[in-house]
Amino acid sequence: MCADRPKHPILKASFVERANSTSHPLSNYLLRLMELKQSNLCLSADVTSARELLHLVDKVGPSIVILKTHYDTLAGWDYDPQTGTGAKLGSLARKHGFLIFEDRKFGDIGHTVQMQYTAGSARIVDWAHIVNANMIPGKATVQALAEAATKWRSRVNYEVKTSISVGIPVSNVFDEEDETESNEASEHLIMGDMLTLGPYSRDNDGRKGSIVSVTTVTQSFEPVDSPRFGSQIDEGDELLHTKFEEPPSERGLLILAQMAGTGNFMSEEYTQACIETAREHKSFVMGFVSHESLNSAPADSFIHMTPGCQLPPEGEEENETVEGDGLGQNYNTPTKLVGLCGTDIIMVGRDIIKAGDPQAEAARYRDGAWTAYQRRSNQ
Ligand code: 6AU
């Protein structure tokens, strides 16, 4: 299952040591978060509705460091950038301390993947810290996504905060007559993240107030890492919030370098091309979806995440072989994936989601994967 590669010294390093040696801000953040939460578990949240997703994530959040989504499989995904599902996941991520990974598996020409990443109804880049790409179309896919992320990052560097107040009092409900003025007022609106439109009111004497359109537009810019964001964490793990900052605004990519499914076409040559590309884009590529560690050069410090992970039922011994799902998916235990093959984060979906008690099952997987990491690195 994992190739007989020479063991890289990084396999013996702690996640904190690795945080210090990586140049990717999001990897640095993630590795420190892993140490703080003592978790190297990612939930593959493959449920069928946005509502179910939010409910599940709020329960399982304390055990995970990454939430993996397939947003396009969820019924009822709300696309509103401020109040929609992406924004709600962001609040849960702040509350429980995890990163959001949209498993979009981009795999088209550069121009198309840029649009899929940053535009359209979902605007994935706005809410997903991490995405992944299939490198079948070639290196240009990664280059294009990296450029799109940099452009996005420079735009959100300063959040545009716009507040608008419109006076003189008129009516609570617009008369037709008033519409001209109100339309004029709305032409002044500059769409920003925070938009407040002061309510119109009517004079107490019941007469319509004369409309002297006084429109005040104030625009201020504040850094995205402003402490203001901290106040949004009103619940959740106290230790986490006293010790931990917001994630950096940089985005990260995982290259799909190996697949777990039976009969997949990802050859060794393809995997090598993924490694080369990752080295060329170290400020964007955090690592790989793979079933083993692909760090081989002395300077490599990529993070590896692996799906197809299963624990035997509570009380049973870990076995060498775990049955697949009959649809091509193969499973391995955390001991094998983390301990033997050197992956860092296990991704678990159906086994947690379909458990009688998903919260307890997530905690069990977290313990299993963390123990395997501790043994590997002699922590
Ligand atoms: O634990 P499971 O089998 O219920 O869920 C596995 C999850 C699914 C797959 O889309 C994903 O992991 N996956 C991937 C990823 C993460 O890219 C690659 C792969 O080779 N196999 C795989 O199952 O959400």
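You will find that of 129, 55, 111, 96, the residue that is within 16 Å of the ligand (Cβ to nearest atom) and assigned by TED's automatic domain parsing to the domain that holds residue 338 is 129 and no other.
Inspection of segment 242-256 finds a residue satisfying the criterion of being away from the ligand (no atom under 16 Å from the Cβ), modelled with pLDDT under 95, assigned to a helix (DSSP H, G or I) and under 21 Å from the mean Cα position of the chain (by Cα). Among the residues of segment 105-132, just one is under 15 Å from residue 284 (Cβ atoms), over 13 Å from the mean Cα position of the chain (by Cα) and not in a helix (DSSP H, G or I), namely 106. Scan segment 296-304 and give yes if some residue there is surrounded by fewer than 24 Cβ atoms within 10 Å (Cβ to Cβ), under 23 Å from residue 264 (Cβ atoms), assigned by TED's automatic domain parsing to the domain that holds residue 266 and more than 14 Å from the ligand (Cβ to nearest atom), otherwise no. Yes, that holds for at least one residue.
I need the full set of residues from segment 1-51 which are in a strand (DSSP E or B), among the hydroxyl-bearing types (Ser, Thr, Tyr) and surrounded by 20 or more Cβ atoms within 10 Å (Cβ to Cβ), in order please. Before the answer, list the steps.
Let us first name the residues in segment 1-51 that are in a strand (DSSP E or B), namely 41-44, 49.
So of that shortlist, the ones also among the hydroxyl-bearing types (Ser, Thr, Tyr) come out as 44, 49.
Hit for segment 1-51 is 44, nothing else.
Looking at 267, 290 in this structure, which one is within 18 Å of residue 42 (Cα to Cα) and hydroxyl-bearing (Ser, Thr, Tyr)? Write out each step before concluding.
On the way: 267 fails: within 18 Å of residue 42 (Cα to Cα).
It is 290.
The residues of segment 262-273 that are within 21 Å of residue 329 (Cβ to Cβ) and either open to solvent by 80 Å² or more (accessible area, probe 1.4 Å) or in a helix (DSSP H, G or I) (or both), listed by number, are 262, 265, 270, 271.
The values are calculated or read from the model by the stated rules, or taken from the named source; none is laboratory data. Nothing here was measured: the structure is a model prediction, and the numbers come from that model. We place every Cβ from the backbone using ideal geometry, glycine too, and count neighbours over all the protein chains shown. For the accessible areas, the whole protein counts, side chains as well, though only heavy atoms, and no ligand, DNA or RNA atoms are used. Shrake-Rupley method; radii C 1.70, N 1.55, O 1.52, S 1.80 Å.
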